[in-house]
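What follows is a short report on a single structure.
The values are calculated or read from the model by the stated rules, or taken from the named source; none is laboratory data. Please read these numbers as outputs of a predicted model, since none were measured by experiment. Using ideal geometry, Cβ is built from the backbone for each residue, glycine included, and neighbour counts are taken over all protein chains shown. Quick note on the areas: whole protein, heavy atoms, side chains included, nothing else; ligands and nucleic acids left out. Shrake-Rupley method; radii C 1.70, N 1.55, O 1.52, S 1.80 Å.
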Amino acid sequence: MTDSPGAAFRAEVAALVAAAGAKLGLASLPALEVPPDPAMGDLGLPCFGLAKALRKAPPAIAAEVAAAVPATGRSWVSAVSAAGPYVNFTMDRARLAAAVLADVEAVLRAPTKGQKVLLEHTSANPNGPLHVGRARNPIVGDTLARVYRAAGYEVEAQYYMDNLGRQVATLAWGKWNLDPASLPPAARDKVDHDLVRYYQAAHDLAKKDPAVAEKIKHLVEQLESADPAILEKVRPVYGSCFSGMQETLTRFGARYDSIKDESDVVLDGSVAKTIGALKRLPIAGVEPDGANFLDLASLLKGQKDKFFFTRKDGTSVYATRDIAYHAWKAEQVKGKGRLVNVLGEDHKLQALQVGTALDALHVERPTVLFYSFVSLPEGKMSTRANRVVFLDDLMDEAAERAYAEVKARRGDELPEAQMRAIAEAVGIAAVRFNIARIQPEKPIEFRWEEALSFDGDAAPYLMYAHARAANLLKKAKEAGLTSRGAATPAAGEQALAHAIGRFAPTAEEAAAQNAPHRMAAYALQLAAAFNDYYRDHRVLECEDPAQRALRFGMVAAAQKALARTLGTLAIPALDTM
RNA sequence: GGACUUGUAGUGUAGCUUGGAUAGCACAGAAGCCUCCGGAGCUUCAGACCCGAGUUCGAAUCUCGGCAGGUCCGCCA
């Protein structure tokens, strides 16, 4: 697999700089950086750090280094120049533009990594509808999965079904024992909204009535031991709740490749095995009442030092089963990949405990991407306090507002059904993008106007750029245009090609840093680059056939690049909107 | 109280990992651009690194201390 043009260029510059450094007798060289203005070059070497060793002013050093760069071995480097204290290297952009024109798919393709990424995200308890506070998990997780794929990894996106434990037990007990007539009406006619009423009522009842609390506790115990009979009895309840949640996630564009039940790791003996292994660790200890713990005082600073992995009766806690689950996951990718988790910041301590335990067991720990909460101006989202925005409602509202926009613009030319379909795509993409573009560790205060914004740095801007390209291509094809016999790419083509060429490197960087929001930033840059080109280069009206073919080819390449980029963000690439 | 995390124009953000050349983008504001390949677009103007020390030739970026917001500190999940 050949390197993308950007990677090949960087490697070449590194080799040239190393050769120049050797000629001047320099042991170490500063890191390359990207100049602020592309007119200066594509990579620059700052010479400040060399001033002390050489006892010369940085600009003089830059001139010397530039002169020492060998003239041979230049394939992607078209110019080397000293600019003040920097040595700048310019990429052969005509060659890049030619590569984009010849085979844009090859330019967009990141080299296959031959590595698998098992990526766990969302994994919400199946006891009620998803709200916007939780929605950041599928957005970050699903986008990251798509970015990893674009970066050349094989990805399995997994949902960990927490089907043991109190939440499911409470839901099931409520469903079996409560009279629907005694419950408040469901917020909407959808199974997860219907079922959450039983969960809430049972939860409230357990707080007031010790007998109910005892019954639920007993059910939890039966579940934790993964009693098959009980499991089969509970499964239809949480299963139908999950089907409602899945409907929401599917509409939201989030896809899973697999679902792993928590009960599996109990049934297959992993949990028992994990408990045994943990007990044998040097840092393991036992309380007088029989509860087992790991003493993490020497490993975690300032946190709770005792991490309990069994109760006094010897049963496992959630975190113990999580360790067993991760040991199982590690086995799945052993020697051929790695684990990535997307978790809310409230799981930080728990992830630290699980990770530390995995280290002690010599099992590869996952890398974890934490996101901060989406809260309301009034405070943290809470269903019980009636301070919550459901994802279903947000998507409805987004689609409704988008419909108003489509209707205003295209009302007299498009059929109703098509306008509805466009509105659905635009509205949901806007909601996703408005969160996806923000660095995960930044807290977000939810405001309807911002979540639903269609202006500026937003999904409709990206979708519009693609629709423009697609529409233009359609007309060009009808006019019989092709990209054969194209003229030589000039500055305009080179600028657009440069933006297109950044796709694969951006995906690789975003994957390496677990930073899906970088893909969103890139998408805005690519769309802006296309809009610049579109503004300055008429295609259909171009008189010169060679120029026209060149422009057609560039727009065709840009359309493909935009479609690929939108795909990593789960934004539909519409041909018309 | 402790640990972790965030603080960038009026507002929302990028850049911080790997310190460097005019801190990028958008909304709102001001002024413009369709005899148009769709104006959900484009051009111009104005406006910001929480405070204070330190390290460095150089700090939005690294370190320390404040201040402010968020999260966590269950033999719950």
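A few remarks follow.
- Loop-located GluC sites (Glu not before Pro) across the range A:280-380 with a Cβ neighbour count of 14 or fewer within 10 Å are A:378, with loop assigned by DSSP.
- Qualifying trypsin sites (Lys or Arg not before Pro) in the range A:299-382, where qualification requires a DSSP coil assignment and no more than 14 other C-beta atoms within 10 Å, comprise A:301, A:304, A:312, A:334, A:336, A:380.
- P(r) tail for the range A:350-421: Cα pairs beyond 19 Å make up 64% of the total.
- Listed cross-link partners A:217/A:304; A:23/A:52; A:23/A:113; A:175/A:304; A:279/A:442; A:273/A:336 are compared with a 28 Å cut-off, the Cα-Cα value being larger for A:23/A:113; A:175/A:304; A:279/A:442.
- Charge tally in the Cβ shell below 15 Å around residue A:308, where Lys, Arg are +1 and Asp, Glu are -1, residue A:308 excluded: -1
- Inter-label distance, nm, simple model (7 Å from Cα along the C-beta direction), residue A:284/residue A:313: 2.1 nm
- Magnitude of the charge dipole, chain A, Cβ model with Lys/Arg +1 and Asp/Glu -1, debye to 20: 1120 debye
- Two-decimal log10 I(q)/I(0) for the range A:514-567, as the Debye equation yields it once each C-alpha is a single scatterer, q = 0.23, 0.27, 0.31 Å⁻¹: -0.86, -1.03, -1.18
- Within the range A:309-420: Cβ-based charge dipole about Cα centre, in debye rounded to nearest 20 (Lys, Arg +1; Asp, Glu -1): 580 debye
- Equivalent-ellipsoid semi-axes of chain A, from the Cα gyration tensor, Å, largest first: 50, 34, 19
- Sum of -39500 (n - 2.57) over DSSP H runs of 4+, divided by residues of chain A (222 nm, nearest 500): -17500 deg cm²/dmol
- P(r) weight above 18 Å for the range A:1-149, C-alpha pairs, percent: 67 percent
- Between the residues A:7, A:24, A:43, the greatest Cα displacement towards the positive end of the dipole of the range A:5-91, with unit charges on the Cβ of Lys, Arg, Asp and Glu, is found for A:24.
- Inter-probe distance in nm under a simple model that places probes 7 Å from Cα toward Cβ, at residue A:267 and residue A:491: 6.7 nm
- Share antiparallel - DSSP beta bridges, chain A, percent rounded to 5: 50 percent
- Heavy-atom accessible surface of chain A: percent carbon and sulfur, 1.4 Å: 52 percent
- Of the DSSP H helices in chain A, those that are both long (alpha-carbon extent of 20 Å or more along the helix axis) and hydrophobic (Kyte-Doolittle mean at least 0.5) are A:5-23, A:416-436.
- FRET efficiency for residue A:346 and residue A:543, using Cβ-Cβ distance with R0 set to 45 Å, rounded to 0.05: 0.10
- Checking every one of the trypsin sites (Lys or Arg not before Pro) in the range A:440-511 against DSSP loop status and a limit of 11 other Cβ atoms within 10 Å picks out A:447, A:484.
- Bridgeable lysines around residue A:477 (alpha carbons under 24 Å apart, same-chain partners fewer than 8 residues away excluded): A:560.
- Whole-number Å³ per residue for the convex hull built on Cα positions in the range A:5-91: 80 Å³
- Projecting label points 7 angstrom from Cα along Cα→Cβ for residue A:448 and residue A:407 puts them 1.7 nm apart.
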